[in-house]
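Enquirer: Starting off with a structure, shown below.
The values are calculated or read from the model by the stated rules, or taken from the named source; none is laboratory data. Everything quoted here is computed from the prediction, not taken from an experiment. Neighbour counts are summed over all protein chains in view; Cβ atoms, including those assigned to glycine, are modelled from backbone coordinates with ideal geometry. With ligands, DNA and RNA removed, areas are computed over all heavy atoms of the protein, side chains included. Shrake-Rupley method; radii C 1.70, N 1.55, O 1.52, S 1.80 Å.
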There are 2 protein chains.
Amino acid sequence: MTPKTQSPRKRPGGRSARVRAAVLEATFAELADVGYGQLSLERVAERAGVHKTTVYRRWQNKDSLILEAMLDRAGETVPTPDTGSLRSDLAQLGKDLIANLRDPAIEATARTGASIADRDSPVAQASRRFWHTWHELAGELIDRATARGELAAPVDPHLLLDATIGPIWFRLLLSDEPIDDDFAERLAELVAAGANATSAPEGS
Amino acid sequence: MTPKTQSPRKRPGGRSARVRAAVLEATFAELADVGYGQLSLERVAERAGVHKTTVYRRWQNKDSLILEAMLDRAGETVPTPDTGSLRSDLAQLGKDLIANLRDPAIEATARTGASIADRDSPVAQASRRFWHTWHELAGELIDRATARGELAAPVDPHLLLDATIGPIWFRLLLSDEPIDDDFAERLAELVAAGANATSAPEGS
């Protein structure tokens with residue numbers, strides 16, 4: 001309940017954390033071996049060496065399990081492009097996302113995440129942790145652009161990042177319009193130009 | 001099979017179209033009367049005066065049914081802001097979306113739509129029709145900005161529209177960051193400034 005210790009009940013340490021790590025590891029191993037279609041909570045439990053009721057209690061279904069596993073891993077491996085300019089860094093960020101979305105398992109987990117309205121569910125919590133980490137890591141490219149003097153004044157890094165990847169997610173999840181590298185390039189051009197114009201000391 | 005007659009089997013005319021209209025109408029009436037939680041395919045069928053098997057065959061579950069009903073209606077009533085400037089039109093577009101998303105039924109249908117990977121499902125088809133109509137109607141605000149001379153050269157209207165609303169959808173469906181009118185304003189400022197800069201005869 002004190003602000004300093006974040007969500008103490010999510011940090012049971014010891015056995016529970018080991019079980020979680022083993023189950024998530026087993027999930028990746030099963031995904032690689034049998035794929036999304038054949039993956040089952042029973043098989044994952046067996047592979048992780050835990051009771052299947054333990055797995056069912058925490059994750060309920062395979063989409064939740066896969067989503068949490070992917071969010072967990074993705075948080076450790078967010079790439080941050082460093083190509084020398086804000087525009088090309090943002091374009092690379094978009095293209096990296098598009099490349100990742102070609103993986104059916106990533107698309108499936110994103111769709112599952114988008115379907116969950118309950119903000120308190122374990123999956124929603126894992127999702128928020130992932131995006132928090134993502135913004136922190138990807139935010140470095142905005143910091144570098146500022147340090148290079150590409151932006152006249154500080155801009156909200158979240159705004160630029162979300163403007164770059166949000167439309168790609170929108171097309172994937174809702175409008176079903178084409179998503180390709182050209183779209184990522186044009187978005188990055190728009191966002192970088194907008195950031196330049198709006199960060200100018202005396203705009204317009 | 002000929003390119004000129006689009007999806008002939010989706011145009012059975014007559015009875016099938018009347019049944020569909022009656023069922024979608026009954027869906028709204030039920031939503032208004034009993035809400036999302038209590039809505040059922042049986043009740044909707046009864047209200048529409050059709051056999052429940054007819055409803056089950058076409059829609060399978062209530063999320064599909066509600067989604068198709070909302071997409072159908074939304075396509076007829078897309079508001080196109082006309083405030084006098086590109087930036088404030090885009091801001092209004094974002095704020096209208098945010099206001100709509102406060103309706104739990106709209107949020108629920110969007111999440112259901114986002115969860116469906118099968119591009120051939122009736123819901124996915126209805127979703128594409130909706131977004132096609134939406135882009136067409138909302139595109140008018142870009143046309144007006146061009147006619148007013150706000151944009152030096154033609155820009156892709158889809159790009160500007162998706163850059164304005166995509167990040168709002170991204171925050172709702174994935175990152176769970178705050179969505180408010182201020183976010184819509186700042187996005188519109190970024191996109192309008194970027195459009196101005198990138199449409200300039202000789203950019204940067």
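Enquirer: Quick one: accessible area per residue over the protein assembly as shown, 1.4 Å probe, rounded to a whole number of Å²?
Expert: 51 Å²
Enquirer: Regarding the protein assembly as shown, what whole-number volume in Å³ per residue does the convex hull of its Cα atoms give?
Expert: About 190 Å³ per residue, rounded to a whole number.
Enquirer: In degrees between 0 and 90, to the nearest 10, how far off the longest principal axis of chain B does helix B:86-101 point, with axes built from Cα atoms?
Expert: Helix B:86-101 sits roughly 30 degrees off the main axis of chain B.
Enquirer: What's the long-distance tail for chain A, i.e. % of Cα pairs beyond 27 Å?
Expert: Counting every Cα pair in chain A, those more than 27 Å apart make up 41 percent.
Enquirer: Once each part is reduced to its C-alpha centroid, what is the distance from segment A:29-94 to segment B:42-90 in angstrom?
Expert: Here the two parts' Cα centres lie 34 Å apart.
Enquirer: To continue, here is another question. Test of the criteria: in segment B:42-120, which trypsin sites (Lys or Arg not before Pro) are in a DSSP loop and have at most 13 other Cβ atoms within 10 angstrom of their Cβ?
Expert: B:ARG102, B:ARG119
Enquirer: Taking the label point as lying 7 angstrom from Cα along the Cα-to-Cβ axis, what are the distances from B:ASP33 to the corresponding position in the remaining copies, in ascending order and in nanometres?
Expert: 5.3
Enquirer: Additional query: How tilted is helix B:122-147 with respect to the longest principal axis of chain B? Cα atoms for both, answer in degrees (0 to 90, nearest 10).
Expert: The helix B:122-147 is inclined about 30 degrees to chain B.
Enquirer: Say the cut-off is 30 Å between C-alpha atoms; which of A:LYS52/B:LYS52; B:LYS62/B:LYS95; A:LYS62/B:LYS95 go over it?
Expert: Flagged as over cut-off: A:LYS52/B:LYS52; A:LYS62/B:LYS95.
Enquirer: May I pose another question? I'd like the mean, over residues of A:157-168, of how many other protein chain beta carbons sit within 10 Å of each residue's own Cβ.
Expert: Counting Cβ atoms of other protein chains within 10 Å of each residue's Cβ and averaging gives 6.
Enquirer: Given only helices, namely DSSP H runs of n ≥ 4 each adding -39500 (n - 2.57), what is the per-residue ellipticity at 222 nm of chain A, to the nearest 500 deg cm²/dmol?
Expert: The helix contribution divided over chain A gives -22500 deg cm²/dmol.
Enquirer: For chain A, set up a GNM with springs between Cα atoms under 10 Å and report which of A:GLY14, A:GLY113, A:GLY84 has the largest fluctuation.
Expert: A:GLY14
Enquirer: At q = 0.30 Å⁻¹, work out log10 I(q)/I(0) for segment B:41-100 with the Debye formula, treating every Cα as an identical point scatterer and leaving solvent out; two decimals please.
Expert: Values returned for q = 0.30 Å⁻¹ are -1.16.
Enquirer: Evaluate the relative contact order of segment B:88-204 (contact order divided by residue number), counting alpha-carbon pairs under 8 angstrom at least 6 apart; express in whole percent.
Expert: Once normalised by length, the contact order is 41 percent.
Enquirer: Specify which residue in the list B:LEU187, B:ALA108, B:GLN125 is farthest towards the positive end of the charge dipole of segment B:100-204, using unit charges on the beta carbon of Lys, Arg (+1) and Asp, Glu (-1), about the Cα centre.
Expert: B:GLN125
Enquirer: Among B:VAL123, B:VAL34, B:VAL55, which one moves the most in a GNM of chain B with springs linking Cα atoms closer than 10 Å?
Expert: Maximum fluctuation in the GNM of chain B, among the listed residues, is at B:VAL34.
Enquirer: Probe radius 1.4 Å, ligands and nucleic acids left out: which of A:HIS135, B:HIS132, A:HIS158, B:HIS51 has the largest accessible area, and how do the rest follow?
Expert: B:HIS51, B:HIS132, A:HIS158, A:HIS135
Enquirer: Would you please name the GluC sites (Glu not before Pro) within segment A:9-105 that are DSSP coil residues with at most 10 other C-beta atoms within 10 Å of their C-beta?
Expert: Those that pass, being in a loop and sparsely packed, are A:GLU76.
Enquirer: Given charges of +1 on the Cβ of Lys and Arg and -1 on the Cβ of Asp and Glu, with all other atoms neutral, how large is the dipole of segment A:45-84 about its Cα centre, in debye to the nearest 20?
Expert: That gives a dipole near 340 debye.
Enquirer: Average partner chain C-beta neighbours within 10 Å, per residue of B:175-181?
Expert: 4
Enquirer: Among A:HIS51, A:ALA91, A:VAL155, whose Cα lies farthest out toward the positive end of the dipole of chain A, if unit charges sit on the beta carbon of Lys, Arg (+1) and Asp, Glu (-1)?
Expert: A:HIS51
Enquirer: Roughly to the nearest percent, how much of the accessible area of chain A is carbon and sulfur, given a 1.4 Å probe?
Expert: Solvent-exposed carbon and sulfur of chain A make up 51 percent of the total.
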